[in-house]
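Visitor: Right, I'll just put the structure down here and ask away after.
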Amino acid sequence: MADGGRLQILERSPPPAPAPTEPQPAAAAADPGWDEEPPPAAGHWREDKVALLLTMKSTAAAVDPCPDIPAGFLDVVRIPKLARQLKKNVRATEDAVADSDEPEAAADVLREQAYEPPEVLTRQVVASRGCWPAFAPLVAAAAWALAFQGAARRAFVGDGSANNWTLQRRFFGSFVPVLDFIHALSYVFAAATAGRKFAEGWACYREWIGWVWQGQVSLVIAALSQRQAELGLPEKDEAETSPRQVVSKTLTYLENHQDKMQYDAYRKDGLPLTSSLMESAVKQINQRVKGSEKFWSEAGSEAVLQLRADQLSDGEPLADFWQRRQATATGQRRYRRPA
């Protein structure tokens with residue numbers, strides 16, 4: 001799993017490119033396929049990158065162990081609140097300062113049902129301020145070190161960010177791509193209720209999200225195409241919140257990610273359906289580096305991100321580091337001569 005976080009950088013120098021543990025392919029460094037966040041014209045908020053590498057335990061089944069959508073995803077009080085937390089059209093400063101309760105909400109819904117998601121056995125966190133072409137080989141090297149390529153079942157879970165799926169295609173092509181179900185839910189809810197009274201939109205949402213849960217995304221795409229024909233195509237510079245724009249964005253989102261939304265097959269294979277663990281890891285990183293009064297230098301942010309990632313990982317890498325440092329200590333201090 002991979003995602004981006006937010007922190008404030010005081011200086012405006014470009015982010016560092018940390019040296020990977022293995023030689024970085026020249027093609028990755030020059031790859032134009034990555035969608036790098038442009039420096040904002042004003043303000044200090046920047047993106048950091050976080051990846052989560054998990055080993056999990058689950059049981060594969062011959063049939064879908066949970067063909068009916070959990071009741072929590074049909075909760076008329078919870079779902080509108082969850083969708084609002086995930087809406088995209090918020091100001092950058094608000095998005096940077098505020099944290100969402102989405103990880104806990106998604107996990108709670110699944111825990112309340114008979115369906116048992118995969119059990120986490122171990123986790124390793126990788127974090128950096130480096131650009132995506134430099135960050136991706138770090139994640140790939142960590143996965144190789146953990147022997148992920150030898151696992152019988154492998155999955156890459158993420159939201160709709162283009163960088164997530166560039167990372168998956170280039171370095172984890174043998175992994176099953178899984179679009180986070182909660183992000184898909186938020187788009188479906190927005191389109192179902194756009195331009196409708198809530199009661200009518202809610203009935204439409206219940207039908208559509210049931211199709212998505214069962215892996216029948218083509219039915220939702222067909223219904224959205226019909227709804228778009230009724231409303232018409234959005235005009236140039238039309239408001240993002242207009243029904244035509246909302247339906248158009250959702251239709252494009254589902255068409256682009258339809259191959260990653262076979263949720264019935266994923267449940268049979270015992271694969272995770274949501275990136276709630278990834279969102280939770282980003283939130284834990286943010287607890288250390290993100291705040292309205294926290295400012296970092298580029299070098300300082302890179303150091304603290306890597307330390308925080310090690311602290312959140314299993315295996316106590318920090319303790320191992322200090323033991324190695326103590327074992328190789330010579331007892332001598334090196335002083336730099338004054339110029």
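The values are calculated or read from the model by the stated rules, or taken from the named source; none is laboratory data. Keep in mind that what you see is a predicted model, and the values were worked out from it rather than measured. Here the Cβ is made from the backbone with ideal geometry for all residues, glycine too, and neighbour counts use every protein chain on show. Just so you know, the surface numbers come from the protein's heavy atoms only, side chains and all, with ligands and any DNA or RNA stripped out. Shrake-Rupley method; radii C 1.70, N 1.55, O 1.52, S 1.80 Å.
Visitor: Quick check: anything in the stretch 179-202 touching a residue at least 40 places away in the same chain (Cβ under 8 Å), open to solvent by 50 Å² or more (accessible area, probe 1.4 Å), of a type outside the set (Lys, Arg) and assigned to a strand (DSSP E or B)?
Guide: Checked the stretch 179-202: no residue is touching a residue at least 40 places away in the same chain (Cβ under 8 Å), open to solvent by 50 Å² or more (accessible area, probe 1.4 Å), of a type outside the set (Lys, Arg) and assigned to a strand (DSSP E or B).
Visitor: Can you tell me which residue is least open to solvent (accessible area, probe 1.4 Å) among those in the stretch 166-178 that are free of Cβ contacts under 8 Å to residues at least 60 places away in the same chain and not in a loop (DSSP other than H, G, I, E, B)?
Guide: Per the criteria, the residue is Gln168.
Visitor: Oh, and also: Please tell me if Arg267 is without any contact (Cβ under 8 Å) to a residue 60 or more places away in the chain, over 30 Å from Trp45 (Cα atoms) and in a helix (DSSP H, G or I).
Guide: Criteria not met by Arg267.
Visitor: Based on this model, can you work out whether Lys249 counts as basic (Lys, Arg) and farther than 18 Å from Leu86 by Cα?
Guide: No; evaluated as a whole, the condition is false for this residue.
Visitor: Those residues that are open to solvent by less than 40 Å² (accessible area, probe 1.4 Å), in a helix (DSSP H, G or I) and of a type in the set (S, T, N, Q), I need them from the stretch 281-319; list them, please.
Guide: Matches in the stretch 281-319: Asn286, Ser301.
Visitor: Right, something else. Is it fair to say Val157 is of a type outside the set (Lys, Arg), surrounded by 21 or more Cβ atoms within 10 Å (Cβ to Cβ) and closer than 30 Å to Lys57 by Cα?
Guide: On the way: of a type outside the set (Lys, Arg): yes; surrounded by 21 or more Cβ atoms within 10 Å (Cβ to Cβ): yes; closer than 30 Å to Lys57 by Cα: yes.
Yes: the conditions hold for Val157.
Visitor: Taking the stretch 213-239 as the search range and keeping residues that are under 21 Å from Lys197 (Cβ atoms) and charged (D, E, K, R), which one is surrounded by the most Cβ atoms within 10 Å (Cβ to Cβ)?
Guide: Arg227
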